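A.B. asks: There's a structure below that I have some questions on.
Derivation of every value follows stated rules applied to the coordinates shown; laboratory data play no part. It should be emphasised that the depicted structure is a prediction, and the values quoted were computed from it without experimental measurement. Counting neighbours? That spans all protein chains shown, and the Cβs are built from the backbone with ideal geometry, glycine included.
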């Protein structure tokens with residue numbers, strides 16, 4: 001069973017939930033949705049995951065979760081739950097893996113747009129752009145501590161492997 005940690009107060013929670021449920025149906029997996037909207041909710045959510053023997057965790061994309069990165073990574077390590085996060089900073093902090101937009105690329109785009117505006121272009125005339133650079137970061141040290149063997153094809157797909 002796969003656990004999904006979402007912040008129910010986040011505007012992005014419902015679309016993420018729908019995407020996860022659709023993907024789970026496609027691979028015939030069950031998901032258990034857990035909610036945390038405050039720091040005190042983490043212990044309850046992780047205790048539930050341990051009790052239900054959750055085999056893997058998806059941590060939803062949420063600014064609150066990002067602000068509590070170290071705590072979430074530590075709880076997943078403590079309870080030996082393999083987890084995937086949205087931002088590379090989670091994997092750098094000891095999380096198993098991350099898959100999401102490259103923030104540095106997004107910041108470059110912001111700088112490019114700022115430059116265009118400062119040169120006189122009207123913001124309303126600029127096209128809407130979305131970051132298309134997605135990165136997959138895998139932390140092998142964490143995989144080893146969890147007793148996981150990462151396949152060579154998965155290793156080969158990683159944009160960065162932390163050893």
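A.B. asks: What is the helix-to-structure angle for 69-78, meaning the angle in degrees between its Cα long axis and the longest Cα principal axis of the chain, kept from 0 to 90 and rounded to the nearest 10?
C.D. replies: Compared with the principal axis, the helix lies near 20 degrees.
A.B. asks: Where the centre of each part is set by its Cα atoms, how far does the stretch 24-69 sit from the stretch 114-163, in angstrom?
C.D. replies: First find each Cα centre; the distance between them is then 22 Å.
A.B. asks: Just subtract the alpha-carbon distance of residue 118 and residue 53 from 0.36 nm times their residue separation and send over the number in nm, one decimal.
C.D. replies: 18.0 nm
A.B. asks: Then there is this: State, to one decimal in nm, how far the label point of residue 33 lies from the label point of residue 104, with both points 7 Å from Cα in the Cβ direction.
C.D. replies: According to this spin-label approximation, the distance is 3.6 nm.
A.B. asks: Something else: What number, rounded to the nearest 500 deg cm²/dmol, is the helix-based mean residue ellipticity at 222 nm of the chain, given -39500 (n - 2.57) per DSSP H run of at least four residues and division by all its residues?
C.D. replies: -13000 deg cm²/dmol
A.B. asks: For the residues 64, 46, what sequence is obtained by ranking on other C-beta atoms within 10 Å, fewest first?
C.D. replies: Working: 64 14, 46 22.
The most exposed by this proxy come first: 64, 46.
A.B. asks: Taking the number of other C-beta atoms within 10 Å as the exposure measure, put 5, 155 in order starting with the fewest. Spell out each step's value before the answer.
C.D. replies: Values: 5 26, 155 12.
Least crowded to most crowded, the residues run 155, 5.
A.B. asks: For the chain, take the longest principal axis of its alpha carbons; what is the angle in degrees between that and the long axis of helix 40-52, to the nearest 10 within 0 to 90?
C.D. replies: Helix 40-52 sits roughly 50 degrees off the main axis of the chain.
A.B. asks: Based on the Cβ-Cβ distance of residue 157 and residue 128, what FRET efficiency does E = 1/(1 + (r/R0)^6) give at R0 = 22 Å, to the nearest 0.05?
C.D. replies: On the way: r = 29 Å, r/R0 = 1.33.
So the FRET efficiency works out to roughly 0.15.
A.B. asks: A follow-up question, please. Starting from 0.36 nm per residue, how many nanometres of slack lie between residue 24 and residue 40 once their C-alpha separation is accounted for?
C.D. replies: 3.0 nm
A.B. asks: How far is helix 103-118 tilted off the main Cα axis of the chain, in degrees rounded to 10, range 0 to 90?
C.D. replies: The angle comes out near 20 degrees.
A.B. asks: How big is the antiparallel share of DSSP beta bridges in the chain, given as a percent to the nearest 5?
C.D. replies: For the chain, the DSSP antiparallel bridge percentage is about 25.
A.B. asks: Looking at (1) 17.7, 59; (2) 20.4, 77; (3) 16.5, 54, which value of Rg and Dmax of the Cα atoms in Å comes from a calculation on the structure shown?
C.D. replies: Recomputing Rg and Dmax of the Cα atoms in Å here picks out (1).
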